[in-house]
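For reference, the structure is listed below as structure tokens.
Derivation of every value follows stated rules applied to the coordinates shown; laboratory data play no part. Only a predicted model underlies this, so the values are computations on that prediction, with no experimental measurement involved. Here the Cβ positions follow ideal geometry from the backbone for every residue, glycine too, while neighbour counts run over all protein chains shown.
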Amino acid sequence: MPELSPCGAIARRHDPDRFFCALFAPAERREALFTLIAFNHELARAGEVASNPLIALMRLTWWREVVEHAVEGRPARKHEVAEPLHAAIRDGSLDAEGLIAMTEAREAEMEEEGIASTPALHAYLRGTAGGFAVVTGRLLGAPPAMLPALQQAGMLYGLAGLLRAVPALVTQGRCLLPRDAVDPHEVIADPAVAGPTIAHLAATAPARPSLRGLPRNAIAAALPLVLARRDLQQLARGVEVRRGVMDRLAVVFAAQLSAR
């Protein structure tokens, strides 16, 4: 593989699942997809590295302004992700409206009382991981009629990722599980408390969408659903998810099947 750009390196290091799926995108679209993955990582970091919700919201506002500056034709901010993001918006590769929607969806993480209910959790994930899938679909030329299915697929990948990340979030003093399912404060005090809730949320996840008819050039937008399906099945059984070679083979098989 050629040497990766800074955004490609960020994608591979911090979001290896989506990075691997991006390798099945058309070569001329991969760099923009790496940039999108890096942008999404920066949005996720807002809540991870900020010392309080206000600072996290300020970080999100900074990234929203990066997008708005590109739309307005203003100079790009000096940043290893902001500059290529600015360029990808300017050349029409990445959808500015979708990027702003992804940014706004992250604000739910900053609510002091947390996420109130399971429907609210699903709505948050449709905006974040689902929004990512929609922007990816547009980048890869998916028909507009397929975007709702891609958003649902992205939401399911986001749900699996959030459930897998519960222990890591607890180390940051955070819990994004819905309050109608478990007390976040109890989870932060003892992550084992979340076990039954994680299994229940995985077992009762919304139905997988039909992606039949998705063009071959857009298949990379749907491939994370392959991983989500496998992860949710394990989480529903109370099994810890460990990413391995069989997961990658499942993605490769799905990509090859779509090419027939």
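What is the dipole size for the chain, taken about its Cα centre, with +1 at each Lys and Arg Cβ and -1 at each Asp and Glu Cβ, in debye to the nearest 20?
With only Lys, Arg, Asp and Glu charged at Cβ, the dipole is about 1060 debye.
With label points built 7 Å along Cα→Cβ from the Cα atoms of residue 28 and residue 117, find their separation and express it in nm.
4.7 nm
Can you give me the three principal axis dimensions of the chain from its C-alpha atoms, in Å, biggest first?
Taking max minus min along each principal axis of the Cα atoms, the chain gives 47, 46, 34 Å.
How large is ³J(HN,Hα), in whole Hz, for each residue of segment 106-119 in order, when computed from phi with the Karplus curve 6.51 cos²θ - 1.76 cosθ + 1.60 and θ = phi - 60°, using x for Gly and Pro?
In residue order, the calculated couplings are 5, 4, 4, 5, 8, 5, 4, 8, x, 8, 6, 8, 4, x Hz.
Mind listing the phi-derived Karplus ³J(HN,Hα) values for segment 168-181, rounded to whole Hz, using 6.51, -1.76 and 1.60 with θ = phi - 60°, and x for any glycine or proline?
Values, residue by residue: 5, 5, 4, 5, 8, x, 10, 8, 9, 6, x, 5, 6, 10 Hz.
How are the C-alpha pair distances of segment 137-241 spread across 10 Å bins, as whole percents from the shortest bin up?
Per 10 Å bin, starting at zero, the Cα-Cα P(r) for segment 137-241 comes out as 15, 41, 26, 16, 3 percent.
Given a cut-off of under 8 Å on Cα pairs at least six residues apart, what relative contact order in percent is computed for the chain?
In percent, rounded to a whole number, it is 18.
Please report 33, 176 as a ranked list, fewest other C-beta atoms within 10 angstrom at the top and most at the bottom.
Starting with the residue having the fewest Cβ neighbours, the order is 176, 33.
Under the Karplus relation 6.51 cos²θ - 1.76 cosθ + 1.60, θ = phi - 60°, what is the ordered set of whole-Hz ³J(HN,Hα) values for segment 32-48, x standing for Gly and Pro?
My calculation for segment 32-48 gives 5, 5, 4, 5, 4, 4, 5, 4, 4, 4, 5, 5, 5, 5, 4, x, 7 Hz in order.
In segment 100-144, whose amide N lies under 14 Å from the spot 7 Å out along Cα-to-Cβ of residue 186? List them in ranges.
none
Once you sort the root eigenvalues of the Cα gyration tensor of segment 196-259 as a ≥ b ≥ c, which label holds: rounded (a/c under 1.5), prolate (a/b larger than b/c) or oblate (the other case)?
Since a/c reaches 1.5 but b/c is at least a/b, the shape of segment 196-259 is classed as oblate.
With a ≥ b ≥ c the root eigenvalues of the C-alpha gyration tensor of segment 41-169, is it rounded (a/c under 1.5), prolate (a/b larger than b/c) or oblate?
Note, shape of segment 41-169 comes out oblate.
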